[in-house]
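The structure appears below as structure tokens.
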Amino acid sequence: MANDVFAKSLLTRRQALALGASAALAGALPRGAFAAGEKVTLWHGWTGADNTTALNGVIDTFNKGGKGVTVEPTGYDWDTLFSKWVVSSAGGRAPDLVLFHITELPEFATRKVIRPIDDIVASSGLDLSQVPDAGRTGVTFDGKVYAVPLDVHPLGFYYNVDMVQEAGLDPAKPPKTGEEFLEWAKKLTVKDGSGKVTRYGFELPNTWATARWIWFSLMYQFGGTFLDDKGLAAVDSEASQNALQYLVDLINVHGVTNPEVGGNKGEDAFASKQVAMKFIGPWEVNLRMAQKMNFMTAQLPVFGQKAAVWANSHCMAVSKQKNDDKLAADGTFMKWFSDNFAAPATTVGIIPQSKAVRESAAFTGTEQYKYFKSFVDDLPNIVYEPLIPQYLSVFSFDKPTPLVTNLQAALSGSKPVPDALKAMKEGLDAQLKKG
Amino acid sequence: MTSLASQPAGRSRARRASAQEGGAVRSGMTLAAYLFLSPYLALFIAFMLLPTLAAMGISFMRWDILGAPEFIGLDNYRQIFADPLFLTAIRNTFYFVFLTAIPMVVLGLALAMLLDQKLKGTTFVRTVVFLPYVVMVSTVGILWGWLFDKGTGLVNYYLTTIGIEPIAWLKDPHWSMPALAITAIWWTVNTNMIIFLAALQDISEELHDAATLDGAGPWQRFVYITLPLLRPAMALVTALTIINGWRVFGQAYVMTQGGPEASTFVIVQYIYLTAFQNFEMGPAAAAGVVLLLITLVFSLAQMKLMKAI
């Protein structure tokens, strides 16, 4: 009989269920109900094959969950995503939801391509109290919450266990200080009979963001900050100079690393055994496992006076639209995605922001967790890059910005550290004053 | 007399009539020509001419895409010429053009001459030489990124077999642009080859036969027959190579992102960065106009050369 009822009506069983669900939610959500099968578009930058598959899988589960909302994800590389998004916003065709880094949030909030989500947080039941303070601060702009912080991805320490053992070191006791690290780096650097280095102890490539993240971490470890209290660059401070000089000395004085090894797209100095240790985010865990490398991770050693580690975080925000018709649907997905973030976090290789998710068996019970754990342990020490509206132009790592060009010049030896940092400060200040 | 007098008048009437007919035919043909051209013209106007004109207009505006444009005169031009990064981009792009232009023309001609021979397997080799053309720039960039790697790349492997120390092609500011030039030559020399090949096949065999009978050797035939008859193709290829050189972007963006130390930062990347990452459409459009003027000079030079030939 039930079948007959559905057959005679114009609704399928799924639509009826969806309508029921949306009707039930209607009272609690802003702008009331949404139509059954409401479509929500989501743009993201997780474009690796594994990431896309993982994300699409999770979204499929949501779409089939009978919540009356269908999410349509589209992946672009980050640069394309941002330019496409701003242009689409100008043309009134912006996606509903966008996933990006919290450091980029002030820029998008200033450009008014995203809207505050305090109302959605309240109506959808999103529990931001589970997110650490730094994450909540990161998504707050002008006193309003603009996004849901999803994960955190700090820099971590990867080392090749076989090489460590061969060098007579104990892989269970990774270096915790700068001195211990240098000792490992020296012992892990291998030379052939003619004195030519065949393997470097440490990877410090000149051509990608890694060097910047490492220097940034060390700058804070040495007691420095990237910006001064006037909001201008403080990169020429003594702490910052000491941090960069330490890295340059690893190249020129100690010979344990070479900025020409690794870093570019497609190059994998760690897997091709050109280096024994590297500092990179948790997103390489799955890659190393797939390569069946015998590796381990640890917290970043403390080179300066205190622990500090570069980190960033992905967040999900709502694009500014002509009307707010889809807010309820947006909120439904955002809450569900945040609550069920363990699966995408594991596959992408990032640490959930939400304490509940981070400590859930769905995350800690994975085979990846033994590598993720050191990143989780380092969470109290994370430092985000400054949350400024000029973030994309200042911190882009694939453009010859004052930051990138001068850092490369210092590492390659074409400029002494103080000169490079002085030039960097001048260039950065010009960018920062642009507003 | 009348008949004599009327004769020219009658002829002129006939001429007028035939001229009118001719005019009608000609105007019919002109219309047909425009009709045949119209699909391309429509697309050209919509996607090239109008955006170019719009960019010229935008180059005098302050505009961040989201807000309303505001007229600011020549400020954008002043801004880009005061920006050391733009001047670096011009210098780098010129260096790229310098590195690629001569090899692209000489190699294109050499390959065409080689593949113009009626030998076994020529068609296969032609296909192989032309194949890189259909590969996407991102693929080319990633592929050559591997080949140029200092530790594991094939290029350095072969260099070391002849006793040359490995070069950090994409990480040494002195070698990064030559590396991009080599990539560009491998990727696009085949288009020059095709143009030369077509031109070579247009040269009548009889000219070579006659010269051979007169005792001309292969070098003399090349210098006195092939080269002079290839002049129009040469002018076209040279101009196209130079213009495409000024417009280089993909390889630099994929392989080095303009680095290291801004050594491969080119004009189009400056435009892209300024427009779509900093959202400063005015200075980006101004840089685009400067690039247009540079390429226009080479186009005009080529047209003048073609006319002279």
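Read-outs throughout are calculated quantities, based only on the coordinates presented, and are distinct from any laboratory measurement. Model, not experiment: these values are computed from the prediction. Note that we place each Cβ from the backbone using ideal geometry, even for glycine, and neighbour counts take in every protein chain shown.
In the Gaussian network model of chain A, springs joining C-alpha atoms below 10 Å, which of A:Lys278, A:Lys422, A:Lys292 carries the largest mean-square fluctuation?
Highest fluctuation among the options: A:Lys292.
At 0.36 nm per residue, minus the direct Cα-Cα distance, what do A:Gln305 and A:Asp142 gain on full extension? Give it in nm, one decimal, please. Write down the numbers at each step before the final one.
On the way: separation 163, 0.36 × 163 = 58.68 nm, distance 3.30 nm.
Separation in residues times 0.36 nm, less the Cα-Cα distance, equals 55.4 nm.
Sorted by mean Cβ packing within 10 Å, highest first, what order do the peptides B:48-58, B:287-297 take?
On the way: B:48-58: 13.7, B:287-297: 17.8.
Put in order of decreasing packing, that is B:287-297, B:48-58.
Highest GNM mean-square fluctuation, chain A, Cα pairs closer than 10 Å: which of A:Phe375, A:Phe108, A:Phe397?
In the Gaussian network model the winner is A:Phe397.
Can you order the peptides B:163-173, B:81-91 by their average number of other Cβ atoms within 10 Å per residue, highest first? Could the numbers behind the result be given before it?
Values: B:163-173: 19.5, B:81-91: 16.5.
Packing order, densest peptide first, comes out as B:163-173, B:81-91.
What FRET efficiency, computed as 1/(1 + (r/R0)^6) with R0 = 51 Å and r the Cβ-Cβ distance, is obtained for B:Asp202 and A:Lys373, rounded to the nearest 0.05?
Working: r = 72 Å, r/R0 = 1.40.
For R0 = 51 Å, the calculated efficiency reads 0.10.
PRE reach from A:Lys112 (point 7 Å along Cα→Cβ): which of the stretch A:390-406 fall under 20 Å by backbone N?
Within reach of a label on A:Lys112, which here means backbone N under 20 Å from a point 7 Å along Cα→Cβ, the stretch A:390-406 contributes A:390-391.
Using a 10 Å cut-off around each Cβ of peptide B:276-282, what is the average number of partner chain Cβ atoms that fall inside? Spell out each step's value before the answer.
Values: counts 7, 9, 7, 9, 2, 0, 0.
What the average comes to for B:276-282 is 5.
What does the charge add up to near A:Lys415, with Lys and Arg as +1, Asp and Glu as -1, over the other residues with Cβ less than 12 Å from its Cβ?
On the way: positive: A:Lys422; negative: A:Asp419, B:Glu261.
Overall, the nearby charge balance is -1.
With the crude spin-label approximation of a point 7 Å out along Cα→Cβ, what separation in nm comes out for A:Lys292 versus A:Asn323?
About 5.8 nm, to one decimal.
Can you tell me how much longer the chain between A:Asn56 and A:Ala430 gets when fully stretched, taken as 0.36 nm per residue apart minus their C-alpha distance, in nm with one decimal?
Values: separation 374, 0.36 × 374 = 134.64 nm, distance 4.16 nm.
Net length gain for the segment: 130.5 nm.
Show me B:225-235, B:258-268, A:322-332, B:151-161 ranked by packing, highest mean number of other Cβ atoms within 10 Å first.
Details: B:225-235: 16.8, B:258-268: 25.7, A:322-332: 20.6, B:151-161: 14.9.
Descending packing order for the listed peptides: B:258-268, A:322-332, B:225-235, B:151-161.
Rounded to the nearest 500, what is the 222 nm mean residue ellipticity of the protein assembly as shown from helices alone, with -39500 (n - 2.57) per DSSP H run of 4+ residues and division by all residues?
After summing the helix terms and dividing by the residues of the protein assembly as shown, the value is -17000 deg cm²/dmol.
FRET efficiency for A:Ser414 and A:Lys196, Cβ-Cβ distance as r, R0 = 22 Å, nearest 0.05? Intermediate values should be presented prior to the final figure.
Working: r = 23 Å, r/R0 = 1.05.
Plugging the Cβ-Cβ distance into 1/(1 + (r/R0)^6) gives 0.45.
Please compute the modelled spin-label separation between B:Lys304 and B:Ile72, points set 7 Å along Cα→Cβ, answer in nm with one decimal.
Roughly 3.5 nm, to one decimal.
To the nearest 20 debye, what charge dipole does the protein assembly as shown have about its Cα centre, counting +1 at the Cβ of each Lys and Arg and -1 at the Cβ of each Asp and Glu?
Details: 61 positive and 62 negative charges, 437 e Å.
That gives the protein assembly as shown a dipole magnitude of about 2100 debye.
Give me the inter-chain shielding for A:108-120: mean count of other chain Cβ atoms within 10 Å, whole number please.
Details: counts 0, 0, 0, 5, 2, 1, 0, 0, 0, 0, 0, 0, 0.
Average per residue, whole number: 1.
Would you tell me the mean number of C-beta atoms belonging to other protein chains that fall within 10 Å of each C-beta in B:250-262, as a whole number? Let's see the in-between values first.
Numbers: counts 0, 0, 0, 3, 3, 4, 5, 11, 6, 12, 14, 12, 8.
If you average over the peptide's residues, the count of other-chain Cβ atoms is 6.
List the chymotrypsin sites (Phe, Trp or Tyr not before Pro) within the stretch A:121-168 that fall in a DSSP loop (any state other than H, G, I, E or B) and whose Cβ has at most 12 other Cβ atoms within 10 Å.
On the way: sites: A:Phe141, A:Tyr146, A:Phe157, A:Tyr158, A:Tyr159; in loops: A:Tyr146.
Sites meeting the loop and neighbour criteria: none at all.
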